[in-house]
Structures are given as structure tokens and as C-alpha cells.
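Have a look at the structure below, then the notes.
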Amino acid sequence: MFAGANAGDVYGSPNLAGVMRLPRSPLVPAALLVSAGLALAACGGSKSSNGDTAAVRARVAAYTCPGTATATGAAGTAPLDGARLRIVTTVAPITSIIANIAGDRADVVGAIPEGQDSHTYEPKPSVARIMTTADLVFVNGLKLEDPTRQIAVKNIPEGGRVIDLGNLALPEDLYLYDFSFPKEGGKPNPHVWTNPPMAACYAQVAAAAMSAADPANAAYFGANATAYVARLAELDALMKAATETVPAAARKLLTYHDAYAYFAANYGWEVIGAIQVSSFEDPTPKEIASLIKQIRATGVPAIFGSEVFPSTVLEQIGKETNVKYVDQLRDDDLPGAPGDADHSFLGLMKFDFVTMVASLGGDATALAAFDPADITPDRAEYPQ
């Protein structure tokens, strides 16, 4: 029988095998999440723990996947019982990336339902059960989905591995701390996957880990990763070209959630603020007034809400400033439904960037023609 997580390996973060199971608390109703605390800042002149923010952003823009990421991802093997490789993932974008590499040679199951806030989601008992049969568990890490991660570490069988993709793909000197994720809080911005070159590193780390766990299919996983990274490079090039059509003064993002920091650094955009889902109280009149003033000062033509978590606050601010309010962005909820061509990480990034570019005065025609279909049929299970 399985020996439990104390025998499992954790890659990308300190070993947390000794943690206890977390007590469950009721899930937060989506309607309550619109009552968010306000996080405001002008990013351009701020400092981070890694030096001047502009310097860190420049390093992010020049990002390449560290060789140590794939080397660490490949370390060790999972002792299979002769069955197919069993993989558990967390948020839907990561599930999609992993499914493209796994193809038809592994079973992939997501643990966090689409439409749930990954920062606050408390896993159901069924999540612990699926961890007990996992050979590999891929999490974002960077303290994004800690409750789910801790359950994975506690329940994964002997020889299984928990792999923190974000920690492996992102060197510490590229950590971005900002108004929503201040350095003193000890948590860098974890939304690494919204930057396609970094998502490509996730794919490479995953392929290395799968190949180590199932050497017989290593060539298959490697070929899928190569093809998928090429698709991400194509998408990245189209996104950079689309950026050039957006007036420079309009390349600013005010969003419902601070999920686009690495994305913005790569494409030369600026995140000027976010309605951060961090409390259950409405922003104060003073906070709203401050944000309205900031929008008027920057001249941003549109602000962005979420299709999953609509914000009455952002809607109010849009009316007050006569700025277009676009409530369609997603960061960990894929477009469409499982089985649809655009229900993919590629579809997610295409959808968001077409929405941003078109709303801010640019031309997204070429990007809109990009085919977001997976390189292999997506057989993953996405909890809804």
C-alpha cells in the first residue's frame, strides 16, 4: 500500500510533507467576491526587493527558461505499477498545458474547479482521494494554491512527486512584487502562466518530469513539448505584433485582479491598478475616488473586469470616468466548455489579448485568426 506523502518528493519548494490536513471552511460564494478590497499603485516608479522595478521588468522581458528548471523537473522517477501515468493538476490553465504534453499516454485530472478563485479555494475531500493515486502532481506554486498543494504533499503515494512549476520556471531575481503582492507579505505575484514564454517553460518542465516518470514514453512527451512550445512562440509573436498597434499611451491595464504583471512586463505594458479580491468589504469612497483620479490622469480608454467575477465597483468607476468597462477577462478559467476548440490555455491567452487590444484602440485582426486548438486532443478532466 502507499506510504503517504512523507515518502514523496517535492520539487521547486521546501518539502512540506509533514503538514497536517487543513480544516475545511465553506467555499466563498462568487457573489461575495465582487466586494473586493482596492489595491492601487502607479507601478512605474515603485521599487521591488529585486532592485528597481524597471530593471526587473526588463529581465522578465528577456526571459528564457532556466536549464536548472528542466533538470530539476527530471530528477528521480515515479515507480509505476504498469498502468498509465496518473497526473493531478490544479488550475485550468495548468491542466491544459499538462494535457497537451501528456496526450494519450497519461491520465490528467484537475483539482480546482473552473471559476473558483485559486487563492482562496478550499479543496473538497475528493481532492485528497485523487492525490492518493497520483504519480505526479503539478501545481503553480509561489504560494498560489497552498491548501491544495498541502493536501497533495500529505496524500501523494511513495515515489510520487509534487512539482512547483512557477518556482522552477521563475528565478527569484524575476519575482515581481507590487501593490497586490507586496514584498513584506512574503508572496510574489504568482500569475506566471499569463506570460507565454514562461508558460512554455512550464511545458518543458512538465515534459522532463513525465519522461523521468515514464521513460518508455519520453520521446512522445518531448515531441509534444517541442510542438507546444512552438505554438506558444507563434502566439507570443502575434501578441507582440498586436501590441505595436495599440497607442503607447494606452498600453495600461486596470483589472479586476492583479494577474498580468509578468504578461505586462513581457509586452511593455503597465499595470496601473487592480480591484484585488482580498477582503469581503466594498472599497471605501476614498479608495474609489483615488482610483477615479488615477484613471483620469492616465487617460486609459478601458478598464477590465472578469467574466467569472463581475465587479459592480469597476462598473461604477467606468460610468464615473466615462471609460469603457469590459467585463470579459479570464486568468484561470478557460473560454468555452471542455471539448470546445477554444477551451485551452492558448484559447485563454488569445481571448484575453484580443479583448485588451481591441478595447484599447489596437488592431487584433491577425491575432484573432490564430488557431487556439490543442496539439493533441485534450483528454483531461476539468472539474466544473
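The values are calculated or read from the model by the stated rules, or taken from the named source; none is laboratory data. Quick caveat, the model's predicted, so the values are computed rather than measured. Every residue, glycine among them, receives a Cβ derived from its backbone with ideal geometry; neighbour counts consider all protein chains shown.
Within the range 134-178, can you find the residues that are in contact (Cβ under 8 Å) with a residue 60 or more places away in the chain, assigned to a loop (DSSP other than H, G, I, E, B) and over 24 Å from Pro196 (Cβ atoms)?
The answer is Asp135, Ile156, Pro157, Glu158, Gly159, Gly160.
Among all residue pairs at least 6 apart or on different chains, which show Cβ distances below 8 Å where the first residue, located in the range 56-76, is touching a residue at least 40 places away in the same chain (Cβ under 8 Å) and of a type in the set (A, V, I, L, M, F, W, C) and the second is surrounded by fewer than 19 Cβ atoms within 10 Å (Cβ to Cβ) and part of a helix (DSSP H, G or I)?
From the range 56-76, the pairs are Val56/Asp173; Ala74/Ala212; Ala75/Ala212.
So, in the range 282-307, of the ones that are at pLDDT 80 or above and part of a loop (DSSP other than H, G, I, E, B), which residue ends up surrounded by the fewest Cβ atoms within 10 Å (Cβ to Cβ)?
The extreme case among them is Gly299.
Here are some conditions: (1) of a type outside the set (Asp, Glu); (2) surrounded by fewer than 17 Cβ atoms within 10 Å (Cβ to Cβ); (3) within 21 Å of Asp214 (Cβ to Cβ). Thr120 meets all but one. Which one does it not meet?
Unmet for Thr120, out of (1) of a type outside the set (Asp, Glu); (2) surrounded by fewer than 17 Cβ atoms within 10 Å (Cβ to Cβ); (3) within 21 Å of Asp214 (Cβ to Cβ): (3).
Restricted to the range 308-327, and to residues that are surrounded by fewer than 16 Cβ atoms within 10 Å (Cβ to Cβ) and modelled with pLDDT of 90 or more, which residue is nearest to the chain's Cα centre (by Cα)? Let's see the steps before the verdict.
Filtering the range 308-327 down to residues surrounded by fewer than 16 Cβ atoms within 10 Å (Cβ to Cβ) leaves 312, 315-316, 319-320, 322, 324.
From what is left, the residues that are modelled with pLDDT of 90 or more are 319-320, 322, 324.
Details: Lys319: 30, Glu320: 31, Asn322: 31, Lys324: 26 Å.
My answer is Lys324.
Could you say which residue among Ala199, Ala225 is over 15 Å from the mean Cα position of the chain (by Cα), of a type in the set (A, V, I, L, M) and buried (at least 19 other Cβ atoms within 10 Å of the Cβ)?
On inspection, the qualifying residue turns out to be Ala225.
Among the listed residues Leu334, Leu360, which satisfies the condition of being more than 26 Å from Val300 (Cα to Cα) and buried (at least 19 other Cβ atoms within 10 Å of the Cβ)? If you could, list the steps in order and put the result at the bottom.
Values: Leu360 fails: more than 26 Å from Val300 (Cα to Cα).
Just one listed residue meets the conditions, Leu334.
For the range 319-335, give me each residue that is touching a helix residue (DSSP H, G or I) at 6+ places or on another chain (Cβ under 7 Å) and either of a type in the set (Lys, Arg) or part of a loop (DSSP other than H, G, I, E, B) (or both).
Residues satisfying the conditions are Val323, Lys324, Arg330, Asp331, Asp332, Asp333, Leu334, Pro335.
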